Amino acid sequence: MRLRNVTGSREMIAESEYVVHEPELIKGKWQEEFGNENPIRLEIGMGKGRFLMELARRNPQINYIGIEKYSTVLLRAVQKMEQDPLPNIRLIRMDAEYITDIFSEGEIDRIYLNFSDPWPKDRHAARRLPSRQFLARYDQILKKDGMIEFKTDNTELFVFAEEEIEDSGWKLLQITHDLHADEEMRKDNVMTEYEERFSSMGNPIHKYIIQKI
Ligand code: SAM
């Protein structure tokens, strides 16, 4: 995601009450952090937060955590949260590679991956968020029967992601190669920033939902 470097974004994030600054200290205690026993769902690579905020608005009985690597991007979500505070959202600036440092086994109910960076070179395959290396990390933090929902317009990345789930201990629940034309799967679809941009260019959206077994 390209954005102008926003001066002071780290400082603004440091001051935000919506950002959890030392998430490793909350490992195993996320429900305490939210002050309820509601399920916790994660979006990894949340960008500017449109998807996460809309889900949080629609589902006040679910807690949401957004993870984003870059402070310049996260800042956009922080600014939106300042204008429209949602008690069931927390934000974390971090690389998802270290996700098992901040969540305990079974602490997470569902993970969303939306329009993840493709990392097209083979030698970077392990950096792709739906890679087997990341699936192994998600497996550690998801509860039994927990799910991953992944969508992208990038066909190469999606084919790769499908191959990664074969023989991997995940059950494929639903799949489509044209989400917006799929009667069943588009029902509760919440558009992301990238989804709006690429679908308006005519790109079909691939999506799968897989479950931990
Ligand atoms: N999900 C948003 C959407 O669909 O509009 C943003 C998509 S953008 C292509 C991918 C986002 O994932 C970027 O903001 C990027 O910084 C973030 N990202 C990529 N790899 C990440 C990682 N390992 N940990 C956390 N965030 C990551």
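Roughly to the nearest percent, how much of the accessible area of the stretch 92-161 is carbon and sulfur, given a 1.4 Å probe? In the stretch 92-161, the share of accessible area belonging to carbon and sulfur is 45 percent. Taking the stretch 117-132 and a reference point 7 angstrom along Cα→Cβ of LEU172, the backbone N atoms nearer than 19 Å belong to 129-132. Within the assembled protein chains, the solvent-accessible surface assigned to TRP119 is about 70 Å², based on a 1.4 Å probe.
Of all DSSP-defined beta bridges confined to the chain, some 35% are antiparallel rather than parallel.
The number of Lys pairs in the chain with C-alpha atoms less than 15 Å apart, excluding pairs fewer than 8 positions apart on the same chain, is 13.
From its DSSP helices (H runs of at least four residues, each -39,500 (n - 2.57)), the chain gives a residue-normalised ellipticity at 222 nm of -8500 deg cm²/dmol. Annotation: Cα Rg of the stretch 8-88 relative to the compact-globule expectation 2.2 N^0.38 Å equals 1.04. Each Cα pair of the chain feeds into the Kirkwood radius, which the Stokes-Einstein equation turns, at 20 °C and 1.002 mPa s, into a diffusion coefficient of 122 µm²/s. Please report Rg over Rh for the stretch 23-66, where both radii come from the alpha carbon positions and Rh follows the Kirkwood definition. Here Rg/Rh amounts to 0.98.
Can you give the net charge of the other residues whose Cβ lies under 11 Å from the Cβ of LYS144, counting K and R as +1 and D and E as -1? Combined, the nearby Lys, Arg, Asp and Glu give -2.
In a DSSP loop and with at most 14 other Cβ atoms within 10 Å, the GluC sites (Glu not before Pro) in the stretch 22-77 are GLU37. Take the Cβ-Cβ distance between GLU97 and ALA14 as r, set R0 to 25 Å, and report the resulting FRET efficiency rounded to the nearest 0.05. With a Förster radius of 25 Å, E is 0.70.
If both residues of a DSSP beta bridge must be in the stretch 92-210, then about 60% of such bridges are antiparallel. The charge dipole of the stretch 150-213, taken about its Cα centre with unit charges on the Cβ of Lys, Arg, Asp and Glu (plus for the first two, minus for the last two), comes to roughly 220 debye. The length gained on full extension between GLU162 and HIS180, counted as 0.36 nm times the residue separation minus their Cα-Cα distance, comes to 4.5 nm.
At 1.4 Å probe radius, can you tell me the per residue accessible area of the chain in Å²? That works out to 52 Å² per residue. I'd like the accessible area for VAL190, computed on protein heavy atoms only with a 1.4 Å probe and all protein chains in place. Round to 10 Å², please. The accessible area comes out at roughly 10 Å². So what does log10 I(q)/I(0) come out to for the stretch 135-183 at q = 0.13, 0.26, 0.27, 0.29 Å⁻¹, using the Debye formula with one equal point on every Cα and no solvent? With no solvent term, the Cα-only Debye profile gives -0.35, -1.16, -1.20, -1.28.
Using C-alpha pairs below 8 Å separated by at least 6 residues, the relative contact order for the stretch 1-158 is 25 percent.
The values are calculated or read from the model by the stated rules, or taken from the named source; none is laboratory data. On a predicted model such as this, the values are computed, not experimentally measured, just so you know. Cβ: placed from backbone, ideal geometry, glycine included. Neighbour counts: every protein chain shown. When the accessible area is computed, the model is the full protein with side chains, heavy atoms only, and any ligands, DNA or RNA have been set aside. Shrake-Rupley method; radii C 1.70, N 1.55, O 1.52, S 1.80 Å.
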